[in-house]
Amino acid sequence: MTWLEAVILGLVQGLTEFLPISSSAHLRIVGDLMGADPGAAFTAITQIGTEAAVVLYFRRDIVRIIKAWFGALPVGPWKNTVPTSNPDARMGWFVIVGSVPIVVLGVLFQNAIDTTFRNLWITVVTLSVFAVLLGIADATSRRTKLLEHMTWRDAVLFGFAQALALIPGVSRSGGTITAGLLMGYTREAAARYSFLLAIPAVLGSGFYKLFTDGLEGGVDPGPTLLATLVAFVVGYVVIIWFLKLVSTRSYLPFVIYRLALAAVVVVLLLTGVVEATSAVVTPAG
């Protein structure tokens, strides 16, 4: 990978990670157009940059949630200093519970995630199907529930929706936002929880890939670091823009974009411009 390619892929990661259009699909497609799929390891590691942007943007919320969660525990130096009914303490548990599905399924299907699921025909299907689901959810949702109304059931459903993003084309934010809308949450509430829920999973996956494939030579360290830094800067700007957008606008433009992108990928596949399967061999974990 050249330095220019790293910058381009970092821009793609930063621009698409938080939008319901699938960053992994875009990295797969753009990488192939440049001559090589960057691979699942590169994708996971560059996501550390975008999640660092989330941590920076939501730093006050994160600190407040962590403090309340520890304070509500029945053991430890801060035990019972915060009531268990505290919204921030409950949110801490909801993020933990919602992270379980993607961790379990990520371990069970690790080899498929690195290889089979990266087939571009699968990406075409997921881009299309989840575009339709997002459109239906946005058009029919009551959009009345706030994060204060979240239940354990909702947290689990959000978690399984996020786990679907293990397949390129689904979109982590797209899956969780769609689930949130179907459960009646407002657009902004679903987007905010999507950002918070992604932090443990994405950072865990990114650092795991960094200390396995990265240190074993599975990725080129220099360009990968550059791409991660670019993704961080661009991702932070996108968070600000996206949260303002969803408070006043529908998701219809993203639905149309996903369907158009799926159609473009079909044309590229049928004309032989890109290959359905990746030439990258990712070390099995």
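The values are calculated or read from the model by the stated rules, or taken from the named source; none is laboratory data. Here the structure is a predicted model, which means the values were calculated and not measured. Backbone-built Cβ (ideal geometry, glycine too); neighbour counts: all protein chains shown. Please note that ligands, DNA and RNA were not included when accessible areas were found on the heavy atoms of the full protein model with its side chains. Shrake-Rupley method; radii C 1.70, N 1.55, O 1.52, S 1.80 Å.
Computed values, structure above
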{"quantity": "Near pairs, Cβ below 8 angstrom, 6+ apart or cross-chain, from the stretch 5-23 (within 14 Å of Pro168 (Cα to Cα)) to any residue that is open to solvent by less than 50 Å² (accessible area, probe 1.4 Å) and among the acidic types (Asp, Glu)", "calculated": "Ser23/Glu17"}
{"quantity": "So Ala201, is it modelled with pLDDT of 95 or more, within 19 Å of the chain's Cα centre (by Cα) and part of a helix (DSSP H, G or I)", "calculated": "no"}
{"quantity": "Where Phe58 falls short, out of the listed (1) under 23 Å from Leu182 (Cα atoms); (2) in contact (Cβ under 8 Å) with a residue 60 or more places away in the chain", "calculated": "(1)"}
{"quantity": "Filtered residues of the stretch 34-76 (kept if part of a loop (DSSP other than H, G, I, E, B), open to solvent by less than 50 Å² (accessible area, probe 1.4 Å) and of a type in the set (Gly, Ala, Ser))", "calculated": "Ala72, Gly76"}
{"quantity": "Unmet requirement for Ile177, which otherwise passes all of (1) in contact with a Ser or Thr (Cβ under 9 Å, 6 or more places away or on another chain); (2) open to solvent by 20 Å² or more (accessible area, probe 1.4 Å)", "calculated": "(2)"}
{"quantity": "Which listed residue, of Glu5, Glu17, is of a type in the set (Asp, Glu) and either surrounded by fewer than 24 Cβ atoms within 10 Å (Cβ to Cβ) or in contact with a strand residue (DSSP E or B) (Cβ under 9 Å, 6 or more places away or on another chain) (or both)", "calculated": "Glu5"}
{"quantity": "Selection status of Leu134, touching a Lys or Arg at 6+ places or on another chain (Cβ under 7 Å) and crowded, with 18+ Cβ neighbours inside 10 Å", "calculated": "no"}
{"quantity": "Residue within the stretch 256-269 that is closer than 30 Å to Phe94 by Cα and without any contact (Cβ under 8 Å) to a residue 40 or more places away in the chain present", "calculated": "no"}
{"quantity": "Which listed residue, of Val129, Val124, Val170, is under 21 Å from His26 (Cβ atoms) and not in a helix (DSSP H, G or I)", "calculated": "Val170"}
{"quantity": "Members of the stretch 85-136 found to be acidic (Asp, Glu), in contact with a Ser or Thr (Cβ under 7 Å, 6 or more places away or on another chain) and at pLDDT 95 or above, listed by number", "calculated": "none"}
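Here is a yes/no grid of residues against (1) farther than 30 Å from Val264 by Cα; (2) modelled with pLDDT under 95; (3) in contact with a Gly (Cβ under 7 Å, 6 or more places away or on another chain):
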| site | (1), (2), (3) |
| --- | --- |
| Gly169 | no, yes, no |
| Gly174 | no, yes, no |
| Thr178 | no, no, no |
| Met183 | yes, no, no |
| Arg187 | no, yes, no |
| Phe207 | yes, yes, no |
| Leu210 | yes, yes, no |
| Gly217 | yes, yes, no |
| Ala227 | no, yes, yes |
